[in-house]
1. With viscosity set to 0.692 mPa s at 37 °C, what whole-number translational diffusion coefficient in µm²/s follows for the range 327-419 from Stokes-Einstein and a Kirkwood radius over Cα pairs?
2. For the range 484-547, what relative contact order do you get, as a whole percent, if you take Cα pairs closer than 8 Å and at least 6 residues apart?
3. What does the charge count near residue 129 come to, summing +1 for each Lys or Arg and -1 for each Asp or Glu among other residues with Cβ under 12 Å from its Cβ?
4. May I ask you to list the residues of the range 418-441 whose amide nitrogen lies under 12 Å from a point 7 Å from Cα along the Cα→beta-carbon direction of residue 487?
5. What are the residues whose amide H is under 5 Å from the amide H of residue 140, where those residues sit 5 or more places off or on another chain and H is modelled from the backbone?
6. Taking one equal scatterer on every alpha-carbon of the chain, how large is log10 of I(q)/I(0) by Debye at q = 0.10 1/Å?
7. With a/c under 1.5 counting as rounded, go ahead and sort the range 346-477 into rounded, prolate or oblate using the C-alpha gyration tensor (a ≥ b ≥ c being the square roots of the eigenvalues; past the cut-off, prolate if a/b is larger than b/c, else oblate).
8. Working only with C-alpha atoms, what are the Rg and Dmax values of the range 267-379, expressed in angstrom?
Amino acid sequence: MFLETIEKANDIKHVGRENWEALAQEIREFLIQKISVTGGHLGSNLGAVELTMALHLALELPEDKIIWDVGHQSYTHKILTGRKDGFETLRQFHGLSGFPKRKESSCDVFDTGHSSTSISAGLGLAKARDIAGGNNIVVSVIGDGSLTGGMAYEALNNAAKLETNFIVILNDNNMSISENVGGVSKYLNNIRTATGYLNLKKGIYNALLGTRRGNSTIDKIRRAKSSFKQLVIPGMLFEDMGLTYLGPVDGHNIDDLVMVINDAKRVRGPVLIHALTQKGRGYVPAERHPARFHGAEPFDIETGLPTKPRTSANYTDVFSTVMCKLGQRDERIVAITAAMPDGTGLKRFRNMYPQRFFDVGIAEEHAVTFAAGLAAGGLKPIVAVYSSFLQRAYDQILHDVCLQNLPVVFAIDRAGLVGSDGETHQGIFDFTYLTGIPNMHVCAPKNKWELSDMMKFAVNLEAPIAVRYPRGCAYDGLKEFRSPVELGKAEWICREWEIALFAVGSMVKTAEQVRGQLKEMGYGVSLINARFVKPIDEEAVKEACRDHLLIVTLEENVFCGGYGEKVLDCMNRNGLKNGLLNISIPDAYVEHGNAEVLKREIGIDADSIVRRICGMLGDR
């Protein structure tokens, strides 16, 4: 087994060329076996096996640097840098991360998790190398999906000014380019990157520079060369931006990949290598259903089906159903997603109302301002997005939506702790970054019925509003409590005395459990569904302070800028001296792991909360 010989970086260089394909097959089998147990990003990793092997064969790690855009395709890289044994704990608490992590290995040079960042980061590393007088190779790997993000083009525009080596690899698993163009392009690449050609070109240009008509002659040569390349090279967009384009190359042919990477290393200036790959390659279920195996739950290898199928609807399913009903009732409702129609639950809406559905690609900033334009044009746009991805559009929310008080609805999925994807994906900052914006309103449902009610309320509010809900199965408890949603009004579920629990969204279920334990101890406990984080129900807070010794706020958000801080401010402004306990996520990044495990670790599970409350009031 060739994989057993890989114990550290560069060990792949000891595998003979005749055994590269066998090693690639072993890596695929290893990934399928491990991810079927732990879950993880399977499709993207299966598609990048040969590309990753070629990089490790052509480069010298950790001296040379590889920056993986998003990073969910870095599993083979982890295997080839000595972390194979860690896959038993992939994406588990204190285990191997599913993304590059500098603290894990010196071969991980930049932490990633969101898209379109690798070129900017790589450009920074290349300039840092130059200033330090180094000569190592810097490579940024970016997918065709990530290339839809505007930040990638900002970086490419900046990279064009470089007069030093910097390599960008476009891992393209979707774009179609005909074979004849690819063949001609490959031939030209061999000529353009050959040492003799590069030296000849440099010699001719140097000889002409400074002569009477030298500069104009050089311009004519360049224009003629560009006109010819425009006919046969599909990468003229990149050439026109100032990058040398090499490709397309078969992203599963290791020999060709190694050759083109070595060619690119000789070019003085930025180079873009265009590699064509197949997402899910080598595993038929992933090839047939690449979206389903993007972020896979544990599955049966034989069938590809989940080993633990869901038995109840999750919040995304509920949102999907509500969107279809809303779209049927009001033709002004339109839906926007940033490359996630499946993940956000908009696939059904797209199928029913294709003219009112917009997938803008991985471009959250554009999605928000586009929605603002739709609202200004008299429509009712709903932007469905993950909490951690909406962070990228903060300026657009502030200036383009809220400054004009446009009625855009933000349906914020994956809010709170999302678990296995870790720091870059935890949705624990949205209360903080949204509630500081004037004209914004923020609410969170306690269960699946309230999500439906809040969405109906939101589309009729003539102002910006965010409806925030968690990942996972939708809570179906407390269905008997369904009072109408009113702006800024909380919902009293149980009225007693002594302790008042103000819970937001997903924490209402936890507060129920806390109340049950405290009642068994003899405490009188009121439970209030806060509903709104902006504006909060100050009258409910003041009312609770009249009859209770201790006010407890519960939220799945960091304390800074969260609901608890707003309740504290309300109490201080009104001179209320009751005890106050804020249950929230610490102001820190939360690592990957099972969500329930993480809640226990940071102290927001029911048992931990009860201990903290008893610590303040004394045991009975």
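None of the figures in this text is laboratory data; all of them are computed from the coordinates on show. Remember, predicted model here, so these are calculated numbers, not experimental data. Cβ coordinates were reconstructed from backbone atoms using ideal geometry, including for glycine residues, and neighbour counts include every protein chain displayed.
1. Numbers: Rh = 13.2 Å.
Value of D from the Cα-based Kirkwood radius: 249 µm²/s.
2. Values: 96 pairs, mean separation 30.9, N = 64.
Once normalised by length, the contact order is 48 percent.
3. -1
4. Flagged as within label range: 439-441.
5. Amide H to amide H, under 5 Å and 5 or more residues apart or across chains, residue 140 pairs with 67, 167, 168, 169.
6. -0.95
7. Details: a/c = 1.34, a/b = 1.20, b/c = 1.11.
Since a/c stays below 1.5, the shape of the range 346-477 is classed as rounded.
8. Rg then Dmax for the range 267-379, in Å: 18.5, 60.
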